[in-house]
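Peer 1: Got a structure here, written out as structure tokens. Questions coming.
The values are calculated or read from the model by the stated rules, or taken from the named source; none is laboratory data. This one's a predicted model, so the numbers in the text were calculated from it and none came from an experiment. Neighbour counts run over all protein chains shown; Cβ positions are idealised from the backbone, glycine included. Heavy atoms of the whole protein, side chains included, go into the accessibility calculation; ligands, DNA and RNA do not. Shrake-Rupley method; radii C 1.70, N 1.55, O 1.52, S 1.80 Å.
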Amino acid sequence: MAITRKEKRIRVSLRTRTVAVVSIALPLVLLGWICLVKIMQEGIKKQVQEDFTFTLMLEKDATDASINLLTSKLKKQPAIKDVRYISPSEAAEEVGKELNENPVEVLGYNPFYPSIELNLHARYANRDSLPKVDSLIRTLGGVSNFEFRGDVLDEVDAVIEKLSLVLYIGIVLMLVIAIIQMSNTTHLLIYARRFLIRSMTLLGAPYRQICKPILQTTVLNGLWGGILADVLVAGSLWLAASYMSDAVLRYAPTPYLIGIAILLPLLGILLSLITGLLATRRYIRMDGSRIILG
């Protein structure tokens with residue numbers, strides 16, 4: 001059965017639109033994943049900061065009552081996430097397991113002081129806030145020393161800052177690639193209609209009437225490209241969580257995932273609208289001698 005001209009035109013239009021939607025979706029997928037990695041990096045940073053252990057060395061003759069009072073005061077401090085008391089016997093036992101030798105039997109006495117291990121909330125576990133936390137803890141009394149490794153925190157912050165810089169550069173590059181890809185795709189779609197645009201211009205059609213159907217097509221392409229990008233990002237995220245580790249989802253909170261799911265279609269619509277408007281204006285203003293070449 002022969003294919004009519006109308007059916008052929010529909011097939012070509014459908015194929016062209018499919019290519020356009022896929023071309024828009026691919027850079028948005030890469031952009032979405034870079035945003036996801038940035039979000040996960042922030043979650044990992046928070047986890048690392050809250051896993052840091054800070055040790056309070058107590059006085060040797062501290063009584064159980066004073067230790068319980070100090071522990072209760074520490075738990076009420078907004079900077080402190082977790083408090084764990086370690087008695088001298090527990091400290092000796094932990095060291096004995098590491099050395100495979102009982103230090104109390106070797107030395108004939110227990111050399112360890114009672115101590116308290118702290119975990120801080122992420123916003124306080126940084127070099128700038130630690131001196132303030134130290135001053136606060138010393139005002140509580142009963143603490144002989146507050147130990148923390150500021151150099152280790154500095155190293156962790158430096159690594160995270162470098163990773164953040166790389167991710168920010170990646171986001172900018174993917175955004176530029178998305179703009180270029182959408183611009184080329186939209187330009188090709190409008191290029192096929194350049195003679196129609198020229199004819200409507202010569203007939204005195206209003207600018208809005210010329211642009212409206214073309215921009216509707218480009219905006220729909222951007223919307224479907226963003227939705228396709230959402231599907232691809234969600235599918236790849238599910239595969240990563242299923243076959244690699246569920247930590248992928250643990251470090252990517254649901255509100256941020258919803259934000260990315262909304263952002264990609266909006267970005268697809270916005271960029272398609274802008275590139276479509278620019279390309280249409282170009283052909284409206286182009287003189288007849290140049291429009292054949294595009």
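Peer 1: Just to verify a result, which residue in the range 120-141, among those that are open to solvent by less than 20 Å² (accessible area, probe 1.4 Å) and of a type in the set (V, I, T), is modelled with the lowest pLDDT?
Peer 2: Checking each candidate, the answer is I137.
Peer 1: For the range 248-281, which residues satisfy the criterion of being assigned to a helix (DSSP H, G or I) and not hydrophobic (A, V, I, L, M, F, W, C)?
Peer 2: Within the range 248-281, R250, T254, P255, Y256, G259, P265, G268, S272, T275, G276, T280, R281 meet the criteria.
Peer 1: Please state which one of I291, I214 is surrounded by 18 or more Cβ atoms within 10 Å (Cβ to Cβ) and either modelled with pLDDT of 85 or more or of a type outside the set (G, A, S) (or both).
Peer 2: I214
Results for (1) in contact with a Phe, Trp or Tyr (Cβ under 6 Å, 6 or more places away or on another chain); (2) of a type outside the set (S, T, Y); (3) open to solvent by less than 40 Å² (accessible area, probe 1.4 Å), shown as yes or no for each residue.
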position	(1), (2), (3)
L30	no, yes, no
A62	no, yes, yes
K73	no, yes, no
E93	no, yes, no
E98	no, yes, no
L118	yes, yes, yes
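Peer 1: Next question, about the same structure. Would the range 153-163 turn up any residue that is surrounded by 11 or more Cβ atoms within 10 Å (Cβ to Cβ), modelled with pLDDT under 75 and at positive phi?
Peer 2: No, every residue in the range 153-163 fails to be surrounded by 11 or more Cβ atoms within 10 Å (Cβ to Cβ), modelled with pLDDT under 75 and at positive phi.
Peer 1: Any residue at all in the range 34-42 that's part of a helix (DSSP H, G or I), at pLDDT 80 or above and basic (K, R)?
Peer 2: Checked against the condition, which is being part of a helix (DSSP H, G or I), at pLDDT 80 or above and basic (K, R), the range 34-42 yields at least one hit.
Peer 1: Is it the case that the range 35-46 has a residue that's hydrophobic (A, V, I, L, M, F, W, C), open to solvent by 50 Å² or more (accessible area, probe 1.4 Å) and in contact with a Phe, Trp or Tyr (Cβ under 7 Å, 6 or more places away or on another chain)?
Peer 2: Yes, the range 35-46 has at least one match.
Peer 1: Same structure again: Between a first residue in the range 259-281 that is open to solvent by 40 Å² or more (accessible area, probe 1.4 Å) and a second residue that is aliphatic (A, V, I, L, M) and assigned to a helix (DSSP H, G or I), which pairs have beta carbons less than 6 Å apart while being 6 or more apart in sequence or on different chains?
Peer 2: Filtered contacts from the range 259-281: I269/V219; I269/L223; L273/V219.
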